[in-house]
Amino acid sequence: MIVVVLPGDCIGPEITAEATRVLLALVPGLELDERPFGAAAIRAGGNPLPAATLEACRGADAVLKGPIGDPALDAAGVRPEQGLLRLRSALDVYANLRPARRGEIDLLIVRELVGGLYFGAKGVRADGTAFDTCEYHPAQVERIARRAFELARRRRGRVTSVDKANVLETSRLWRRVVGEVAAGYPDIALDHMLVDNCAMQLVQAPARFDVILTENMFGDILSDEASAVTGGLGLAGSASLGDAGPGLFEPVHGSAPDIAGRGIANPAGMLRSAALLLEHGLGLGEQARRLDSALDRALAAAPPVDQGGSATTREVGDAVLAAL
Ligand code: NAD
Ligand code: IPM
Ligand code: MN
C-alpha cells in the first residue's frame, strides 16, 4: 500500500511528521512517498502542483496532505491554494467529509468540494470590477446528495441540506435535486435550512444535527464553525472522496503561519485525518479506531497549547505512540 505524503507549508511539516510516525507504527510496511507541493514547490519550480506530484497522487492508494498557504506568497502570481484546488479537481474528490464530535454533539458535514464559486469563471474586468461565478450542474448536486444520504443511513438517519434558496438560483437547483434524491431514501429524514440560520443553530443547538449536506463555500465556512463548537480548529480532520481512485485526507485548518516553527501546533486534526485515511483510504477500520482512541487518551494526558495545555507537537505524537 502506497500513501503519497504532501507535508504542506508553515506548520504543515511539523504536524505531518507526527502523522507519518504514527501511521508507520500502525501499519508496518506501509510505503510513504513524500512529494513537493504548495509553497515549497512554487519556490522550487513555480508550480504548486508539479506534474510528477499529481501523477504520484493518481497512482497512490491514498494521499495524506498537510495544510498549505504561505503569507510570503500572498502577493505572488501563483498561490499554494491554486495547487490544492487543482489537486481536488484532478482527483475528482467531490465529497468532503468533515466530522465534528464532542459529548452529545456528533455531526458530519458533507461538503461538495469540486464545484460552485471556487471553480466558476472568475476575473477582473477592464473597469476594475472583480467577479466569481457560482455554477452547479444537476449531476454535481445529485452525486453529493446521494453520498450524504448513504452516509446518513449508517448514522442517525437525518440529513439537513443547507442552502440560500431564498436568494440564489444555484441554491434553488440544489434544493430541488436534493429533494428528488431524497425520494429514493424514504428511511432518511430530510430538512432544508438556510445557511444563515444554520450558522446560528450550529452555535445554539449543535446537537440537533446529524448530516449537514451543503455546497462548497458554505461547507468551508460551516466546518470551521463546527470545529470551534466541538473543541477547536486544531482538532478537526477530513476525508475527500470520489467514486474511484485515491482519497485525499487533510485537516480542516490551515497552515497557521502565526504559530509556525515553534513546535506547538496541535497535530490532532492531522491525526484524525490519518485515521480517516486508514478507514476510507486503506480499508483498515480496526487500525483507524485504534488511532482515534489512542488520540483521545493522548489529548487527555498531554493537552497541547490550543487546548489550554503545554504539550508540544512532538509530545502529543509521543503520547499517541505510548497509548498505542
Ligand atoms: P488557519 O486555519 O491556518 O489558522 C486560524 C487560527 O487557528 C490561527 O490562530 C492558528 O494558529 C490556529 N490553528 C490552526 N490550526 C492549528 C493547529 N493545528 N494547532 C493550533 N492552532 C491552530 O487559518 P488562516 O490563518 O486564515 O489561514 C492561513 C493559511 O492557511 C492561508 O494561506 C489559507 O489559505 C491556508 N489554509 C489552508 C488549508 C488547507 O490546506 N486545507 C485550510 C485552511 C486554510
Ligand atoms: C479548506 C481551506 C481551503 C478551502 C482553501 C485553502 C482553498 O480553507 O480546506 O477548508 O477553502 O477549501
Ligand atoms: Mn477552510
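Summary of values
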read-out	value
Neighbourhood charge, 10 Å Cβ-Cβ cut-off, centred on R172 and excluding it, Lys, Arg +1 and Asp, Glu -1	+1
Sequence ranges 265-273, 293-301, ranked by mean other-Cβ count within 10 angstrom, highest first	265-273, 293-301
Segments 36-47, 198-209 sorted - mean Cβ within 10 Å per residue, highest first	36-47, 198-209
Contour minus Cα-Cα distance for V78 and R58 (0.36 nm per residue)	4.9 nm
Summed side-chain charge close to L84 - residues other than L84 whose Cβ falls under 10 Å, Lys, Arg +1, Asp, Glu -1	+2
For the chain, calculated [θ]222 nm from helices alone, where every DSSP H run of n ≥ 4 adds -39500 (n - 2.57)	-13000 deg cm²/dmol
Most to least packed among 67-76, 180-189 [average Cβ atoms within 10 Å]	67-76, 180-189
Pairwise label distance in nanometres, D92 with E169, each label 7 Å out on the Cα-Cβ vector	2.6
Unit charges on C-beta of K, R, D, E only; dipole of segment 195-287, Debye	300
Relative pair counts by distance (%), Cα atoms of the chain, 20 Å bins	32, 60, 8, 0
Dipole of segment 182-293, positive direction: furthest Cα of I264, F249, G219, with charges on the beta-carbon	I264
Positive-end extreme of charge dipole, segment 97-235 - chosen from I105, A205, G128 (charges on Cβ)	I105
Listed residues A44, L64, I15: farthest to the positive end of the dipole of the chain (Cβ charges)	L64
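Every number here is computed from the coordinates shown, using simple stated rules; none is lab data. These numbers were taken from a predicted model, which means no experiment stands behind them. Backbone-built Cβ (ideal geometry, glycine too); neighbour counts: all protein chains shown.
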